[in-house]
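The values are calculated or read from the model by the stated rules, or taken from the named source; none is laboratory data. Because the structure is a prediction, the values reported are computed rather than measured. Note that each Cβ is placed from the backbone with ideal geometry, even for glycine, and that neighbours are counted across all protein chains shown. The accessibility values were calculated without ligands, DNA or RNA, using every heavy atom of the protein model including side chains. Shrake-Rupley method; radii C 1.70, N 1.55, O 1.52, S 1.80 Å.
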Amino acid sequence: MLDFQNPFQDSFSSPNGRGNHRHVDCFKQALKLFEQARSSAALYRLKNALRRRVGRLLDLNCLPSRRVSNRHYGGIRAVLIEQIHGTLGRSEDFDDQFNPLDDRSRDRWVAIAMLRFQGQPLDAVKLIQVGDRYFVEDGHHRISVAHALGQAVVDAEVTVWEVSGALPWEAEYTAGEVSTCLPDGSGLDPFGA
């Protein structure tokens, strides 16, 4: 009988009914890492509240499409995780340290962590570069797991967007437009400057 609390149970069972202990241990290790990342998110949220800082990923969807003058392929490159400041539409799922903000992403997150523990290669994440900052198009969970494992760099397939005018996170951008780009609409500086 399958335990629906454990979505990976069927992959642990061998034909003779005995569990594959290596996979079970890997699952436990990945689940523990996820729980640590969730705890880090809660602590980070508290610290940010005390500092009056948002601590969430910027959403590139707030940038009007008319402001993007050109898009071109930037190639595959190693990108520092600390240079990734935003997302293309997933600002409610991860904080700006790529800690998962709720348990909805647990199954996917744990599955990716298990692959990493097993030494399986993962596809490069897809990032959009705007100026000197990067935004995640695809690969939020892979970046989150990499960060939780202490990895500083991820392999990324980069698309470069050339943008005209001030960017939403720049100080000279009007206050009304800035607040629409921050996840909670607070108008607080997401970088704590």
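Here Val145 fulfils each of the conditions (1) part of a helix (DSSP H, G or I); (2) open to solvent by less than 10 Å² (accessible area, probe 1.4 Å); (3) farther than 17 Å from Gln97 by Cα apart from (3). Among all positions in segment 60-67, there is at least one residue which is open to solvent by 70 Å² or more (accessible area, probe 1.4 Å), free of Cβ contacts under 8 Å to residues at least 60 places away in the same chain, closer than 21 Å to Phe135 by Cβ and hydroxyl-bearing (Ser, Thr, Tyr).
Residue count for segment 24-53 under the criterion of being aliphatic (A, V, I, L, M) and within 18 Å of His140 (Cβ to Cβ): the result is 4.
Entry remark, segment 72-122: residues being outside any helix (DSSP H, G or I), modelled with pLDDT of 90 or more and open to solvent by less than 20 Å² (accessible area, probe 1.4 Å) number 3 in total.
Of all residue pairs spaced 6 or more apart or on separate chains, those with beta-carbon atoms under 9 Å, a first member in segment 79-101 that is within 10 Å of Tyr134 (Cα to Cα) and a second member that is in a strand (DSSP E or B) and of a type in the set (Ser, Thr, Tyr) are Val79/Tyr134; Leu80/Tyr134; Gln83/Tyr134; Ile84/Tyr134; His85/Tyr134; Gly86/Tyr134. Only one entry in Val158, Val125, Val154 is closer than 21 Å to Glu92 by Cα, at pLDDT 90 or above, crowded, with 16+ Cβ neighbours inside 10 Å and of a type outside the set (D, E, K, R), namely Val125.
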